[in-house]
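This report concerns only the one structure given below.
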Amino acid sequence: MRTRRPRPNGRCFSPIAGFAAPFLVAALVVPALGAAEPAPRGPRFPNVLMISVDTLRTDRMSAYGYRRPTTPEIDRVLDRGTRFTEARTVEPLTGPASSSLLTSRFPHEHGATRNGLRLRPGLVSLPKLLGKRGYRTAALVGNWTLRNELSGLAEHFDEYHEVFTRNRWFGLFNDEATGEDLTAEALAWIAEHRNEQPEHPYFVWVHYVEPHAPYRFWEEFAGGLGIRHRRGVSKSDRYDTEVAYTDREVGRLVRAVGGADGALQDTLVVFTADHGESLGEHAYWGHGRHLYDNSLRIPMGIVWPGRVPSGAIAEPALILDVAPTVLGLLGLAEPEGLRGLDWSRVFRGDAEAPVRAGHFQAHKGAVQFDHTSSAARADGLLEVGSVTGARKEILDVGRGVVRIFDLTRDPQELRDLAEPGTKPSPDLVIWLEAVRHGLRAASDIPAARLDSESRERLRALGYVD
């Protein structure tokens, strides 16, 4: 493993990753590659490019039927692979959701249940598993909540680049990156890798910040979306211009990776979001505190020309499914403990699409400066929920109030079908107890207290209660 200096506009961590306990080693470690000479024809495995977009709603993407052409570049990418039309995150917060994406574990299992809480050290993850198969791994993130000091995610990568080139909330310090800067950083890293280690495949995760609040207005995209005047433009319209801006950057990244002919033959591309966003629905702007589908539903697609068919899957999927599916596509054994489903057999036509219930949780946004990690986890649970077929059930943990929706007849979740005094279903009670048990078990994760700078930046993002 090489220690690398960060580029001028970001910080880079090159941690020495390890597993925390012997029983985890026995259960989860995948054997490393031998010391054989590199094959002259290049790496055995494809490169893997995983792109996630912060706060991206499926119903604001033209790929998912939106009336405005917000995502023509992403549409072209997803059209070349399999797109999931009913994918959901497991918690609508960036830190928890990103940790679940990488580890295929629920937040109460990996421990990063709130922004500012680090995940349990030593866990198995997709980048760690690929690293043991000869991949060079890197993350490029531009959201302050994903700083290694707050998230602990650098442990899972050879290189962890924190790209902070601007301030989104008009303050004094840079705490995020533009999509343009993230794309440039990612392309520079990939070019360097191709020059220095072409015999090794790479795994790169790029997390774009836009279209996170405060929803900047991108005038250059407004006309194409039918938004004519900047004065009086709604927050909802500004959000759409942010989606269009991010779409341009995703397209620029994928086209450059795809080579001169854009074939992507040696690259597997994953596209998703960490969570959605409430744009005033249910009298709420933002994400994190509620389990309505405008915050839970996410775009999710996997592209590998010649290996993953073009089409759509309507059966429910979860952000947890990404890691086991990538492993399945690469022909690598899946270790015990991953909670997601491997869809690779469905892609190959060897199995029917599985149907299963989805389970979800919502926690307070970020820890307070004077909280210990254990207290912040125990006190942070707000809601738990489940989706079984068309039935959506949400329990407000503090008030004990149940809400029930029929997602087929009422996709906007406007008509609560629960009678006053309705008790949660046995399935949801079991799920609540599992989450609470995990929160108690996570009390042994080392506490990482927020410094004053991080607390203020999280507060500016609307995360600190």
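Quick notes on this structure:
- Near ILE445: Cβ cut-off under 10 Å, other residues only, Lys/Arg at +1 and Asp/Glu at -1. The net charge is +2.
- Full-stretch length increase - ALA390, ARG166 - with 0.36 nm per residue and alpha-carbon distance subtracted: 76.4 nm
- Summing charges over neighbours of PHE405, with a neighbour being any other residue whose Cβ is under 12 Å away from its Cβ, gives -1 when K and R count +1 and D and E count -1.
- With a 1.4 Å probe rolled over the protein heavy atoms of all chains, the accessible area of ARG403, ARG409, ARG307 falls in the order ARG409, ARG307, ARG403, largest first.
- The stretch 102-170: trypsin sites (Lys or Arg not before Pro) in DSSP coil with no more than 16 other Cβ atoms inside 10 Å: LYS132
- Straightening the chain between ARG356 and GLU281 buys 24.3 nm, computed as 0.36 nm per residue apart minus the Cα-Cα spacing.
- Couplings 3J(HN,Hα) for the stretch 95-111, derived from phi with the Karplus relation 6.51 cos²θ - 1.76 cosθ + 1.60 (θ = phi - 60°), are x, x, 5, 5, 5, 5, 4, 7, 9, 6, 10, 6, x, 5, 8, 7, x Hz, where x marks Gly and Pro.
- Peptides ranked, highest mean first, by Cβ atoms within 10 Å: ranges 379-385, 63-69: 379-385, 63-69
The values are calculated or read from the model by the stated rules, or taken from the named source; none is laboratory data. What you are looking at is a predicted structure, and each value in this text was computed from that prediction instead of being measured. Here Cβ is always computed from backbone atoms with ideal geometry, including for glycine, and neighbour counts include all displayed protein chains. Heads up: the accessible areas ignore ligands, DNA and RNA and are worked out on the full protein's heavy atoms, side chains in. Shrake-Rupley method; radii C 1.70, N 1.55, O 1.52, S 1.80 Å.
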